[in-house]
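Contents: one structure, followed by commentary.
The values are calculated or read from the model by the stated rules, or taken from the named source; none is laboratory data. In this text, all values refer to a predicted model and were calculated from it rather than measured experimentally. Here the Cβ is made from the backbone with ideal geometry for all residues, glycine too, and neighbour counts use every protein chain on show. Protein only, heavy atoms only, side chains kept; ligands, DNA and RNA dropped before computing areas. Shrake-Rupley method; radii C 1.70, N 1.55, O 1.52, S 1.80 Å.
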Amino acid sequence: MTSTSHTDTSLPLDMIIFGGMGDLAMRKLLPALYMAHLHGNLPPATRIISTGRQDFDRDAYLAFVEQHSRSFISDGNFTDDAWRSFLPLLEFVRLDVQQDDLAALAQVSRAGAERVFYLATAPSLFTTICDKLAAAGLVDRHARVVLEKPLGRDLASAVEINEAVGKHFAESQIYRIDHYLGKETVQNLMVLRFGNSILEPLWRAPNISSVQITVAEEVGVGSRAGFYDSAGAMRDMVQNHLLQLLCIVAMEPPASLAPDAVRDEKLKVLRSLRRFSLAGIARDTVRGQYVRGVSGNQEVPGYLEERNVPADSHTETFVGLRTYIDTWRWSKVPFYLRTGKRMARRSSKIVIEFANPPFPLFPESPGGVANRLVIELQPEEAIKLQLMAKQPGSGMKMQQVALNLDLQSAFPQRRAEAYERLLIDVVRGRLTHFMRRDELEAAWEWVEPIINGWETLAEKPYPYAAGTWGPSEAFALLARDGFSWVE
């Protein structure tokens, strides 16, 4: 998926990271920018300017980067020469965005440069930062702003952020980042769907009987407990990552790969998602919270035992739900979504389950699903088509076998990480893999009533042991329809 870029590549680039001393910048952004530099994907006259409240001079800042960021670059991609050529791109500006104006930043940033402002801060600071950028004269037609999730905690706060940022930046200058949209397999899903005539005629009801989307994390809440307890799995994962995956699976073919053509079709999916009644929320959604269990061969604490989590918290660490898309293509096809922390293993996958043949011609064969398309996003990236084949020997007994496209074997060249790919898209002015304002707000319009319904029902999340696949109620959600989760 590409889009026409309107970037003037002759301009110097100032990549300005607010929250530039934070965890995201050190673990993801600077390593991604190093990789982009290593492979010649940054303009020649690039500078990366990090802001933070630390009283650092440049040497102290570079020492901090050396200590906290360098280890997140794989050994196979790190060379001393490349690192030495990358460090001169880095600068630091001491700045407290809540207290200071941005005069110091304006002095450092070059006139006439293409400025990319990456807001790796709490969303509560987005309005302040954008107002101060405009007041300092740093926003012009070449400027872009990248907004990290979560974009609000409900529809009202999302609209407020969009309004505040939109006062100073045109929609074409705003990049709402979701790193799942930078994954190779997610982007490949568009080609898989619309580049193969063998699949497109089948990609609809009644040929497809169900769709599963799983994003499972093996880790617990960790150091994010303070943020996570105010958000929960629905806000943290479903509202953005899972709904974006659902949109790509379910969207109609766009007229072109232009950003708005693709995003128009995703928006139609979000607006076609069936809204939940209170009875539907009670019947078709499952909230879970992990308790003490075994993960990675060691005992781990439950959510309520984590540091900075209130002892009486009802925040969900797991969400499972069944929903429908009310269109002709997807009529009566259930979509099952599942995400959680402290699950059995790290796994993100999309499972397209095709309808079985209408008549069982091979009675000796066991029951089950004849055909599945399994799209694995992480930790491995692969596409598997499960088919039935005859077992060797006498008789006509069938067995399920898989046609396995191992993308790493098929494409042995280096594969950019999601943040690297998306940062290059920002620099080159490609908006296709970023959410548009109406997409974000449509997602919140669907999610918010579910969150409110949970509050009305006032039920505790179901417990599930750490190191498992979630509460048993999530399995019952599928079992009553005759399906089961694909692990």
>> Need one word for the chain: rounded, prolate or oblate. Basis is the Cα gyration tensor (sqrt eigenvalues a ≥ b ≥ c); a/c below 1.5 gives rounded, then a/b vs b/c decides.
In response: prolate
> What is the mean projected area of the alpha carbon convex hull for region 371-457, to one decimal in square nanometres?
Replying inline: 11.4
> Considering every pair of different Cα atoms, what Kirkwood radius, in Å, is found for region 28-72?
Replying inline: 11.7
> What's the extension gain from Glu171 to Val159 if we count 0.36 nm per residue and subtract their Cα-Cα distance?
Replying inline: 3.0 nm
>> Accessible area per residue for the chain in Å², computed with a 1.4 Å probe and the full protein assembly in place, what is it?
In response: 44
> Tell me, in nm to one decimal, what length is gained between Gln399 and Phe227 on full extension, where the rule is 0.36 nm per residue of separation less the Cα-Cα distance?
Replying inline: 57.2 nm
> At Gln413 and Ala134, where each label point lies 7 Å from the Cα along Cα→Cβ, what is the point-to-point distance in nanometres?
Replying inline: 4.2
>> For Arg176, what residues show an amide H to amide H distance below 5 Å, using hydrogens built from the backbone and excluding near sequence neighbours?
In response: Leu147, Met435
> Highest mean first, what order results for 147-158, 239-250 on Cβ atoms within 10 Å?
Replying inline: 239-250, 147-158
> Once the convex hull of the C-alpha atoms of region 261-362 is built, how many Å³ does it hold per residue, rounded to a whole number?
Replying inline: 209
> Among bridges DSSP assigns within the chain, what percent are antiparallel (round to 5)?
Replying inline: 55
> Is any helix in the chain, taking whole DSSP H runs, at least 18 angstrom long along its axis by alpha carbon and on average at least -0.5 on the Kyte-Doolittle scale, and which ones?
Replying inline: 437-457
>> Cut-off under 20 Å on the C-alpha distance; same-chain residues fewer than 8 positions from Lys268 excluded. Which lysines are left, in chain and number order?
In response: Lys332
>> What distance in nm separates the two pseudo spin-label positions at Arg53 and Ala82, each 7 Å out from Cα along the beta-carbon direction?
In response: 3.5
> Under a point spin-label approximation (7 Å from Cα along Cα-to-Cβ), what is the Asn452-Ala60 distance to one decimal in nm?
Replying inline: 4.9
> In whole angstrom, how far apart do the alpha carbon centroids of region 233-248 and region 414-487 sit?
Replying inline: 3
> For Phe362 and Ala255 in one chain, what is 0.36 nm times their gap in residues minus the Cα-Cα distance, to one decimal in nm?
Replying inline: 34.3 nm
> Say the cut-off is 20 Å between C-alpha atoms; which of Lys183/Lys384; Lys132/Lys167; Lys149/Lys460; Lys28/Lys167; Lys167/Lys266; Lys349/Lys397 go over it?
Replying inline: Lys149/Lys460; Lys28/Lys167; Lys167/Lys266; Lys349/Lys397
